[in-house]
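The values are calculated or read from the model by the stated rules, or taken from the named source; none is laboratory data. From a predicted model like this one, the values you see are computed outputs, not experimental measurements. Neighbour counts run over all protein chains shown; Cβ positions are idealised from the backbone, glycine included.
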Amino acid sequence: MDFEYNQKTKDTLERIRAFMDEHIYPVEQDYYRRLEDPQTDRWQIAPLMEELKAKARKAGLWNLFLPDSARGGGFTNLEYAPFAEEMGRVVFASEVFNCSAPDTGNMEVLERYANEEQKKRWLEPLLAGEIRSAFAMTEPDVASSDATNIRTEIRRDGDEYVINGRKWWTSGAADPRCKLIILMGRTNPDAPRHLQQSQILVDCDTPGVAIERNLPVFGYDDAPHGHGQVMFENVRVPVENIVLGEGRGFEIAQGRLGPGRIHHCMRTIGVAERALEAMCDRLLEREAFGKKIGEHSVWEERVANARIEIECARLLTLKAAHMMDTVGNKVARAEIAMIKVKAPNAALQVIDDAIQAFGGAGVTNDFGLAYAYAAVRTLRIADGPDEVHRRAITRLEYRKAKIRSEKKAGG
């Protein structure tokens, strides 16, 4: 196998790193300090963000995530992987390049499944970075790890659909730039199990759409992005807002979640890399019991394990991305499921060890490790919990075992 990035990827990666060095790392602490300032409206967008976005777009580092599309940056999933990793090193960097969730997944949905009118109204301003979007799938009253449990009702009434239900973990819904929610709900409870659900486009300004509260993650509210609990009460949208047609919700969700899952993993590797760097720096600059902390043997094991885990996660991510590009998401479903389990768990261990290296400082907000841990911990739940992905992997292994058994019995 050839593990070398192609020249196009290396050139663009170098440009991204140079942009990060020149424009993002120097203002990173300013961005965080603004959010901590009691005089600041934390739910308004920092002018700094729009300035950075304009610079990235001018530099041609824009919409890099969208493969197989003239609207994207012209990169495959495999080529995009190191870009997302680099962006993942800073919590807000992906947005600078218009490559942040949930917009990337929503733009994938619109590009793959929307009609031309829907693309013109929603996809084009999203690609231009003029608006943001949210994805409403999970519900507080059911176990949404099984999406067939979703109960939000999408009922046809003449030339409109009427939506009733409550969603939560609708990330980005509180962003003042959020103008679109892609909602998954039930159009036909009597249809076969995986044909009951549909996806529909909801303008955030539609009467009946109300953000009831913002959900914190271990006390972090993720302003100005946030994670909304959203009520949909007799929300009326035109019938032309349905995506692909009634009963196609699961089909669309699978097309959306494959890229979404692997993008999370790519970014998470960047988080882990930066945590390892911080850990090593700390271990080599602080002394305890007469020598550098890093000279105590327990840290040799932890640092080595961190490097091993990061490399394993990166290689599995690249394999999954390569398979998505060459044989498709369905064939790559085992690899996508495996990396969705592996990357967050590996990163959490690295971050946890980094926190331990920093001691009391590690659990403060001073070094970003506590927030990194909180953010990555959600990824063991988001886009399907570990248990669901392990279940899918196990079923594929059992299928292989049955095939082997049948071959033995027949021959």
Name, by its number, the condition in (1) within 22 Å of Ile381 (Cα to Cα); (2) assigned to a helix (DSSP H, G or I); (3) not polar (S, T, N, Q) that does not hold for Lys330.
(2)
Selection count, segment 52-77, where residues are outside any loop (DSSP other than H, G, I, E, B) and among the polar types (S, T, N, Q)
1
Would a scan of segment 46-66 turn up a residue that is buried (at least 22 other Cβ atoms within 10 Å of the Cβ), touching a Pro at 6+ places or on another chain (Cβ under 8 Å) and of a type outside the set (Val, Ile, Thr)?
yes
So in segment 234-251, with the set limited to residues that are among the aliphatic types (A, V, I, L, M) and over 25 Å from the mean Cα position of the chain (by Cα), which one is surrounded by the most Cβ atoms within 10 Å (Cβ to Cβ)?
Val235
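To keep it simple, each residue is scored yes or no on (1) outside the structural domain of Thr378 (by TED's automatic domain parsing); (2) without any contact (Cβ under 8 Å) to a residue 12 or more places away in the chain; (3) surrounded by fewer than 21 Cβ atoms within 10 Å (Cβ to Cβ); (4) assigned to a loop (DSSP other than H, G, I, E, B).
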{"residue": "Cys265", "(1), (2), (3), (4)": "no, no, no, no"}
{"residue": "Gly270", "(1), (2), (3), (4)": "no, no, no, no"}
{"residue": "Arg274", "(1), (2), (3), (4)": "no, no, yes, no"}
{"residue": "Cys280", "(1), (2), (3), (4)": "no, no, yes, no"}
{"residue": "Glu300", "(1), (2), (3), (4)": "no, yes, yes, no"}
{"residue": "Val303", "(1), (2), (3), (4)": "no, no, yes, no"}
{"residue": "Arg307", "(1), (2), (3), (4)": "no, no, yes, no"}
{"residue": "Thr317", "(1), (2), (3), (4)": "no, no, no, no"}
{"residue": "Ala320", "(1), (2), (3), (4)": "no, no, no, no"}
Filter segment 94-134 down to the residues that are under 22 Å from Ala320 (Cβ atoms) and of a type in the set (A, V, I, L, M), then identify the one that is surrounded by the fewest Cβ atoms within 10 Å (Cβ to Cβ).
Ala101
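A quick yes/no check of all residues on (1) out of contact with any Leu (no Cβ under 7 Å at 6 or more places or on another chain); (2) of a type in the set (Val, Ile, Thr); (3) not assigned by TED's automatic domain parsing to the domain that holds Gly226:
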residue: Phe75; (1), (2), (3): no, no, yes
residue: Tyr80; (1), (2), (3): no, no, yes
residue: Met87; (1), (2), (3): yes, no, yes
residue: Pro102; (1), (2), (3): yes, no, yes
residue: Met107; (1), (2), (3): no, no, yes
residue: Arg121; (1), (2), (3): yes, no, yes
residue: Ala136; (1), (2), (3): no, no, no
residue: Arg166; (1), (2), (3): yes, no, no
residue: Gly172; (1), (2), (3): yes, no, no
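Hey, among the residues in segment 180-225 that are part of a strand (DSSP E or B), touching a helix residue (DSSP H, G or I) at 6+ places or on another chain (Cβ under 6 Å) and hydrophobic (A, V, I, L, M, F, W, C), which one's farthest from Asn164 (Cα to Cα)?
Among those residues, the one meeting the criterion is Val217.
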From the list Val350, Val341, Val327, exactly one residue is in the same structural domain as Pro259 (by TED's automatic domain parsing) and touching an Asp or Glu at 6+ places or on another chain (Cβ under 6 Å). Which is it?
Val341
Flag if Leu110 is over 23 Å from Ala332 (Cα atoms) and not polar (S, T, N, Q):
no
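This table checks each residue for (1) in the same structural domain as Asn106 (by TED's automatic domain parsing); (2) buried (at least 19 other Cβ atoms within 10 Å of the Cβ); (3) in contact (Cβ under 8 Å) with a residue 60 or more places away in the chain.
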| position | (1), (2), (3) |
| --- | --- |
| Val162 | no, no, yes |
| Trp169 | no, yes, yes |
| Asp175 | no, yes, yes |
| Met184 | no, yes, yes |
| Thr187 | no, yes, yes |
| His194 | no, no, no |
| Asp203 | no, no, no |
| Arg213 | no, no, no |
With respect to Arg42, is the statement that it is farther than 30 Å from Glu240 by Cβ, in contact with a Leu (Cβ under 6 Å, 6 or more places away or on another chain) and surrounded by fewer than 22 Cβ atoms within 10 Å (Cβ to Cβ) true?
yes
